[in-house]
Amino acid sequence: MKTYVTSDLHFGHANIMKFCPETRKFADVGNMNREMIRMWNETVKPGDLVYILGDLAFMSAGEAVSILDQLNGDKILIEGNHDKKLLRDAKFRSCFKEVHAYYEMTYNKTFVVMGHYPFLEWNRMHHGSVNLYGHVHGATTGMEKYRSRDVGMDATGKVVSLLDDVIADALQGEIKSHH
């Protein structure tokens, strides 16, 4: 089993191709959805786990469920601003192994803090913990020199990223002091 992380896939969101033209070179929203499903399933296998740090889809809950049903692996959602309405739908919510507003875990001896939004400070940052986020679509936050990483598709150029690789990259950053 492998573990992946992603954010801000924005399935069904036609305008995201205008907002992020470098990473969203698709003919139209239907083509974007199909290609992202294909890329996901080329990487993620049944039994793998994917942390989605928000903004999965910009469509009806029924359409989002149809897409989720096509995606390999178990999914844990850390909710983003575009997920709140979808999460009111029981069928959409049931597509996830877990749903959190914010998530902390120890992964291979590294304390990891996950949220949809970038943090200026996060739990245990001065002890070397890692912060993973999305929302900003690759925009510079000033936190890149620290152990903080944007894992969204428009930051990484990938539909999903191996969590081990993201953490290894983040651990190259400086430890942010508390004060």
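The values are calculated or read from the model by the stated rules, or taken from the named source; none is laboratory data. The shown structure was predicted, so the numbers you read here are calculated from the model rather than taken from an experiment. Because the Cβ atoms are built from the backbone with ideal geometry, glycine has one as well, and the counts that use them run over all protein chains shown.
Computed quantities for the displayed model
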read-out: Residue satisfying all of: in the range 70-105; among the small types (Gly, Ala, Ser), out of contact with any strand residue (DSSP E or B) (no Cβ under 8 Å at 6 or more places or on another chain) and surrounded by fewer than 20 Cβ atoms within 10 Å (Cβ to Cβ); nearest to Leu132 (Cα to Cα) among these; value: Ser94
read-out: Filter pass, Lys158 being touching an Asp or Glu at 6+ places or on another chain (Cβ under 8 Å), in a loop (DSSP other than H, G, I, E, B), surrounded by 14 or more Cβ atoms within 10 Å (Cβ to Cβ) and charged (D, E, K, R); value: no
read-out: Cβ-Cβ under 8 Å pairs, at least 6 apart or on other chains, the range 91-104 side in a loop (DSSP other than H, G, I, E, B), far side loosely packed, with under 15 Cβ neighbours inside 10 Å and not polar (S, T, N, Q); value: Cys95/Asp69
read-out: Candidates Lys18, Lys45, filtered to the one that is loosely packed, with under 14 Cβ neighbours inside 10 Å, part of a loop (DSSP other than H, G, I, E, B) and basic (Lys, Arg); value: Lys45
read-out: Positions within the range 125-136 being surrounded by 20 or more Cβ atoms within 10 Å (Cβ to Cβ) and touching an Asp or Glu at 6+ places or on another chain (Cβ under 7 Å), in sequence order; value: Tyr133, Gly134, His135
read-out: Pair list, Cβ under 6 Å, 6 or more apart: the range 9-26 residue β-branched (Val, Ile, Thr), other residue assigned to a loop (DSSP other than H, G, I, E, B); value: Ile16/His10; Ile16/Arg24; Thr23/Gly157
read-out: Tally of residues being farther than 24 Å from Glu98 by Cα and at pLDDT 90 or above across the range 26-56; value: 7
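The rows are residues; the columns are (1) of a type outside the set (Val, Ile, Thr); (2) under 27 Å from Phe58 (Cα atoms); (3) at pLDDT 90 or above; (4) touching a Gly at 6+ places or on another chain (Cβ under 6 Å).
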| position | (1), (2), (3), (4) |
| --- | --- |
| Asn108 | yes, no, yes, no |
| Val112 | no, no, yes, no |
| Gly115 | yes, yes, yes, no |
| Gly128 | yes, no, yes, no |
| Tyr133 | yes, yes, yes, yes |
| Gly157 | yes, yes, yes, no |
| Ala168 | yes, no, yes, no |
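Residue-by-condition table, conditions (1) touching a strand residue (DSSP E or B) at 6+ places or on another chain (Cβ under 8 Å); (2) touching a residue at least 24 places away in the same chain (Cβ under 8 Å); (3) buried (at least 19 other Cβ atoms within 10 Å of the Cβ); (4) not in a helix (DSSP H, G or I):
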{"position": "His116", "(1), (2), (3), (4)": "yes, yes, yes, yes"}
{"position": "Asn123", "(1), (2), (3), (4)": "yes, no, no, yes"}
{"position": "Gly138", "(1), (2), (3), (4)": "yes, yes, no, yes"}
{"position": "Gly142", "(1), (2), (3), (4)": "no, no, no, yes"}
{"position": "Asp154", "(1), (2), (3), (4)": "no, yes, yes, no"}
{"position": "Asp165", "(1), (2), (3), (4)": "no, no, no, no"}
